[in-house]
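Peer 1: I am attaching a structure below and will ask some questions about it afterwards.
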């Protein structure tokens with residue numbers, strides 16, 4: 001395995017002191033015919049309410065993707081006091097970085113997913129709805145097809161700034177700029193277009209932090225726009241389950257799993273099976 005870190009620098013609002021770190025986990029070519037096989041890649045965006053990036057939703061997720069043959073990249077994006085669209089621009093530039101170096105790692109440039117958790121799910125969905133939006137023209141100077149995600153994987157995502165909002169995420173994302181216009185902009189169920197890529201999404205019915213209605217509002221708009229969508233709602237479980245097993249939950253005995261732990265198996269199949277939809 002090849003593991004490395006690079007800095008992803010973006011300047012918004014005239015500020016240059018935000019620095020994001022992209023960590024890559026790329027499998028070695030161990031068979032003579034491996035050079036003939038292009039691998040999918042996934043960009044992982046941990047949650048943390050735009051106030052930190054969760055360790056539980058970073059390396060454990062990357063290693064699980066890696067062991068199934070998916071090149072995995074973790075973005076430690078800028079958090080508060082950085083404001084929208086700082087982290088969004090960093091995520092888009094990370095996709096561009098992966099595509100620019102695809103030949104080095106035998107990555108299929110037409111099979112790059114973005115996977116986000118909680119507020120990282122909001123960032124992931126933002127990538128999906130804003131990748132070709134003119135609001136980013138001042139910050140993203142690449143051909144927009146070059147930063148387009150091929151699919152989204154959303155885990156208990158923050159979506160809406162409305163009734164079912166996780167208010168703290170929007171406080172951190174917007175700061176004092178919580179005008180009606182700004183809140184409307186980042187309420188992502190209102191930003192879905194036909195250009196959103198195929199989407200896999202899961203949530204728990206009992207989530208008391210980010211209500212499951214966040215997922216349902218987004219899914220309803222995806223279906224209305226005829227976006228290929230796969231949804232899993234688990235009837236038990238709270239927020240922030242990550243892999244849902246003993247590796248990320250110290251309360252679980254060795255081998256213990258939550259019912260939601262199957263999500264990543266379904267997500268990996270989604271990555272490998274959905275190429276014809278791209």
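Peer 1: Name the single residue that is surrounded by the most Cβ atoms within 10 Å (Cβ to Cβ) among those in region 129-149 being in contact with a helix residue (DSSP H, G or I) (Cβ under 8 Å, 6 or more places away or on another chain) and assigned to a helix (DSSP H, G or I).
Peer 2: Of everything passing the filter in region 129-149, 130 is surrounded by the most Cβ atoms within 10 Å (Cβ to Cβ).
Peer 1: Can I ask one more? So which of 18, 97 is under 19 Å from the mean Cα position of the chain (by Cα), outside any strand (DSSP E or B) and either in contact (Cβ under 8 Å) with a residue 24 or more places away in the chain or under 23 Å from residue 137 (Cα atoms) (or both)?
Peer 2: Selected residue: 97, the only one of 18, 97 that is under 19 Å from the mean Cα position of the chain (by Cα), outside any strand (DSSP E or B) and either in contact (Cβ under 8 Å) with a residue 24 or more places away in the chain or under 23 Å from residue 137 (Cα atoms) (or both).
Peer 1: Can residue 63 be described as in a helix (DSSP H, G or I) and closer than 21 Å to residue 146 by Cβ?
Peer 2: When the stated conditions are applied, residue 63 does not pass them.
Peer 1: Do we find a residue being touching a strand residue (DSSP E or B) at 6+ places or on another chain (Cβ under 8 Å), closer than 27 Å to residue 238 by Cβ, touching a residue at least 24 places away in the same chain (Cβ under 8 Å) and part of a loop (DSSP other than H, G, I, E, B) anywhere in region 150-158?
Peer 2: Yes, that holds for at least one residue.
Peer 1: Looking at (1) closer than 21 Å to residue 62 by Cβ; (2) free of Cβ contacts under 8 Å to residues at least 40 places away in the same chain; (3) more than 17 Å from the chain's Cα centre (by Cα), find the lone condition where residue 260 falls short.
Peer 2: Going through the list (1) closer than 21 Å to residue 62 by Cβ; (2) free of Cβ contacts under 8 Å to residues at least 40 places away in the same chain; (3) more than 17 Å from the chain's Cα centre (by Cα), residue 260 breaks only (2).
Peer 1: Run residue 69 past the list (1) surrounded by fewer than 23 Cβ atoms within 10 Å (Cβ to Cβ); (2) under 21 Å from residue 21 (Cβ atoms); (3) touching a residue at least 40 places away in the same chain (Cβ under 8 Å) and report the number of the one that doesn't hold.
Peer 2: Only one criterion in (1) surrounded by fewer than 23 Cβ atoms within 10 Å (Cβ to Cβ); (2) under 21 Å from residue 21 (Cβ atoms); (3) touching a residue at least 40 places away in the same chain (Cβ under 8 Å) is unmet by residue 69, namely (2).
Peer 1: If you don't mind, there's one more thing I want to ask. For residue 105, which of the numbered conditions (1) more than 25 Å from residue 263 (Cα to Cα); (2) more than 15 Å from the chain's Cα centre (by Cα); (3) modelled with pLDDT of 95 or more fails to hold?
Peer 2: Answer for residue 105: the failing condition is (3).
The values are calculated or read from the model by the stated rules, or taken from the named source; none is laboratory data. Computed from a predicted model, the values in this text were never measured in an experiment. Glycine gets a Cβ as well: all are built from the backbone with ideal geometry, and neighbour counts include every protein chain shown.
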